[in-house]
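The values are calculated or read from the model by the stated rules, or taken from the named source; none is laboratory data. The structure presented is a predicted model; accordingly, all values stated were derived computationally and were not measured. Cβ coordinates were reconstructed from backbone atoms using ideal geometry, including for glycine residues, and neighbour counts include every protein chain displayed. Just so you know, the surface numbers come from the protein's heavy atoms only, side chains and all, with ligands and any DNA or RNA stripped out. Shrake-Rupley method; radii C 1.70, N 1.55, O 1.52, S 1.80 Å.
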Amino acid sequence: MTKPALAITLGDVAGIGPEITAKSLLAHDELREKCIPIVIGDVASVRRGVESVGGDAAAVRQIASPAEAQNVPGTIEVIQVGPSLEHVAVGELSAAAGDGSYRFVVEACRLAKNGDVAGIVTAPLNKAAMHAGGHNFPGHTELLAHEFGVTDYSLVLSAGDLYFFHLTTHVSMRQAIENITFDRTLSVLKLAGAFAESMGKPDELIGLAGLNPHAGENRLFGDEDADILAPAVEAAREEGLNAVGPLPGDALIPAAVKGKYNLVVACYHDQGHAPFKAVYGDDGVNITVGLPVVRVSVDHGTAFDIAGKGIAREASLVLSIERAADLAPKWDVVWEAAQAM
C-alpha cells in the first residue's frame, strides 16, 4: 500500500509546535514506515525547534511541494508558507505567529483539496494570537470546516478505541444550549455511525450524554433532553444506528472509560474535554469528522511557559501522526456518509 502523505502544520511558532515537531520527526523513525510527513510552516522556526532539542539545524530541508519529499530518516522536510517568522519571540503572544498559524492551515487544506496530501495533522495554535493576526475563527476545527466548505462536522477526542464526539465546542454555554437542536444532534449521531462503519463496526453502540443533570430527570431539570435529544436518538435508531440516550453524563462517561461504550456524544466542550483529559492526558488526540480528508491534532495547547526549552513532550503529536496515517486510507467511507446526510 502506498504510504499516505501527511501535511503537518507547525502551529504557533512562538509555542511548542516547532520543538515537538522536531522530536517527533527526528526521534521516531517508525512514523516513516506508515506515512510521508511533510511540515507546512516556517523553515527558520523548525530549525530553531531542532536546535532547542539538541539537534542539528542542517536536518531541516526546504521543499517546494509534497512531490519533492524523500522521507529520509533524520531529516525534516518543510514547505515554507509566507515570509520568514524568524523574528518571532518564543513564549510570547504574537500577531505575526497567529497569522502564520492560520496560513499554515490554509495551505495544508489547499494541498489536500488538490490531492497532494491524504491527511492533515495539526500542532497547536493560539486562538488569541490568531485573532490578533486578523483571523477570527474560534479554533482549528472551525477554520478547517470553513476552508473545506462543510457545515456538518464534529470535534472528536480519541484514545485507543474510545471516541468522544461533540454537539458543540468553542462557544459559550448559553450559545451551546441554543445550538443543540434536533437536526444537529441527529447529524452528529450519523457522523458517529459513519465513523464506526469506516472502522468495520457498523453496529457499534453510540451513547449520547444528556444536556442537563440526570439527563433532565423526567423534566425536573429542563426540557431539552426530552424534547430535543431523545427524539434525535429515536430518529437515529430508525435509520439503523445503534444509538442510546440521552444518558446522565456522570454515568455514561465512567461507563465508557470502563469499556461499555466506544462512541460517546457529548453536548458541550467541557462535558467531553474535562473528563477525557483528566483520564487520558497526552494519550489522546483530536480528530475532525466531516471533512473530506482526515485531520488529527494534538490534544494540548501552545504552552508558552515552556516553549523553547526543549522539554515539551511529543507523545500526542506522534500519536496524531500515527492515527492520521491509519485513518487516511479508509477516510472516503466517512466522507461519503457525511455528504449523504
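Tell me which residues, restricted to the range 274-292, are closer than 15 Å to Leu143 by Cα and open to solvent by less than 20 Å² (accessible area, probe 1.4 Å). Working first, answer last.
Taking the range 274-292 first, the residues closer than 15 Å to Leu143 by Cα are 286-292.
Of everything in the range 274-292, those that are closer than 15 Å to Leu143 by Cα and open to solvent by less than 20 Å² (accessible area, probe 1.4 Å) turn out to be Asn286, Ile287, Thr288, Val289, Gly290, Leu291.
Taking the conditions exactly as written (more than 16 Å from the chain's Cα centre (by Cα), over 17 Å from Leu291 (Cβ atoms) and touching a residue at least 12 places away in the same chain (Cβ under 8 Å)), does Leu220 satisfy them or not? Steps first, please.
Numbers: more than 16 Å from the chain's Cα centre (by Cα): yes; over 17 Å from Leu291 (Cβ atoms): yes; touching a residue at least 12 places away in the same chain (Cβ under 8 Å): no.
Criteria not met by Leu220.
If a residue counts only when it is of a type in the set (Gly, Ala, Ser) and open to solvent by 10 Å² or more (accessible area, probe 1.4 Å), which strands (runs of 3 or more DSSP E) contained entirely in the range 1-74 have at least 3 such residues? Walk me through how you get there before you give the answer.
Numbers: elements: 5-9, 36-41, 60-63.
Output list is empty.
Anything in the range 104-137 that is more than 24 Å from Lys3 (Cβ to Cβ) and open to solvent by less than 50 Å² (accessible area, probe 1.4 Å)? List them, or say none.
Looking only at the range 104-137, we keep the residues that are more than 24 Å from Lys3 (Cβ to Cβ), and these are 106, 124-137.
Selection gives Val106, Pro124, Leu125, Asn126, Ala129, Met130, Gly133, His135, Phe137.
Report every pair of residues separated by at least 6 positions or lying on different chains whose Cβ atoms are under 6 Å apart, first residue within the range 79-103 and over 10 Å from Ser45 (Cα atoms) and open to solvent by 30 Å² or more (accessible area, probe 1.4 Å), second part of a helix (DSSP H, G or I) and basic (Lys, Arg).
Gly82/Arg103
Are any of the residues in the range 300-308 part of a helix (DSSP H, G or I), buried (at least 21 other Cβ atoms within 10 Å of the Cβ) and in contact (Cβ under 8 Å) with a residue 12 or more places away in the chain? Working first, answer last.
Step one: list which residues in the range 300-308 are part of a helix (DSSP H, G or I), which gives none.
Scanning the range 300-308 turns up no residue that is part of a helix (DSSP H, G or I), buried (at least 21 other Cβ atoms within 10 Å of the Cβ) and in contact (Cβ under 8 Å) with a residue 12 or more places away in the chain.
Looking only at the range 153-170, how many residues end up being over 17 Å from Leu263 (Cβ atoms) and either charged (D, E, K, R) or open to solvent by 50 Å² or more (accessible area, probe 1.4 Å) (or both)?
1
Phe182 fails exactly one of the following numbered conditions: (1) modelled with pLDDT under 90; (2) of a type in the set (Phe, Trp, Tyr); (3) more than 30 Å from Leu111 (Cβ to Cβ). What is the number of that condition?
Of the numbered conditions (1) modelled with pLDDT under 90; (2) of a type in the set (Phe, Trp, Tyr); (3) more than 30 Å from Leu111 (Cβ to Cβ), the odd one out for Phe182 is (1).
Identify all residues within the range 185-229 that are within 16 Å of Ser154 (Cβ to Cβ), of a type in the set (Gly, Ala, Ser) and modelled with pLDDT of 95 or more; write none if there are none.
Selection gives Gly207, Ala209.
Only residues in the range 27-42 that are in contact (Cβ under 8 Å) with a residue 12 or more places away in the chain count as the first member; pair them with residues that are acidic (Asp, Glu) and open to solvent by 10 Å² or more (accessible area, probe 1.4 Å), Cβ under 8 angstrom, at least 6 apart or cross-chain, and list the lot.
Once the first residue is in contact (Cβ under 8 Å) with a residue 12 or more places away in the chain and sits in the range 27-42, its partners that are acidic (Asp, Glu) and open to solvent by 10 Å² or more (accessible area, probe 1.4 Å) give Ala27/Glu314; His28/Glu314; Leu31/Glu322; Lys34/Glu322; Lys34/Asp326; Ile40/Glu107; Asp42/Glu86.
Any idea how many residues of the range 138-154 are in contact (Cβ under 8 Å) with a residue 60 or more places away in the chain and either of a type outside the set (Phe, Trp, Tyr) or in contact with a Ser or Thr (Cβ under 8 Å, 6 or more places away or on another chain) (or both)? Don't jump to the end; show me each part of the working.
So in the range 138-154, the residues in contact (Cβ under 8 Å) with a residue 60 or more places away in the chain come out as 140-141, 144-145, 148, 150, 152-154.
Then keep just the ones that are either of a type outside the set (Phe, Trp, Tyr) or in contact with a Ser or Thr (Cβ under 8 Å, 6 or more places away or on another chain) (or both); that gives 140-141, 144-145, 150, 152-154.
Number of matching residues: 8.
If a residue has to be among the polar types (S, T, N, Q) and under 15 Å from Val105 (Cβ atoms) to count, how many in the range 9-44 make the cut? Don't jump to the end; show me each part of the working.
Looking only at the range 9-44, we keep the residues that are among the polar types (S, T, N, Q), and these are 9, 21, 24.
Applying the additional criterion that residues be under 15 Å from Val105 (Cβ atoms) yields 9, 21.
Matching residues across the range 9-44 total 2.
Just to be sure I understand the filter: pairs with C-beta atoms under 9 Å, separated by 6 or more residues or on different chains, first member in the range 45-69 and closer than 26 Å to Ser94 by Cβ, second member open to solvent by less than 20 Å² (accessible area, probe 1.4 Å) and among the polar types (S, T, N, Q). Which pairs pass?
Cβ pairs passing all conditions: Val46/Thr21; Gly49/Thr21; Val50/Thr21.
State all residues of the range 311-328 that are surrounded by fewer than 18 Cβ atoms within 10 Å (Cβ to Cβ) and farther than 19 Å from Tyr163 by Cα; if no residue qualifies, say none.
Residues satisfying the conditions are Ile311, Arg313.
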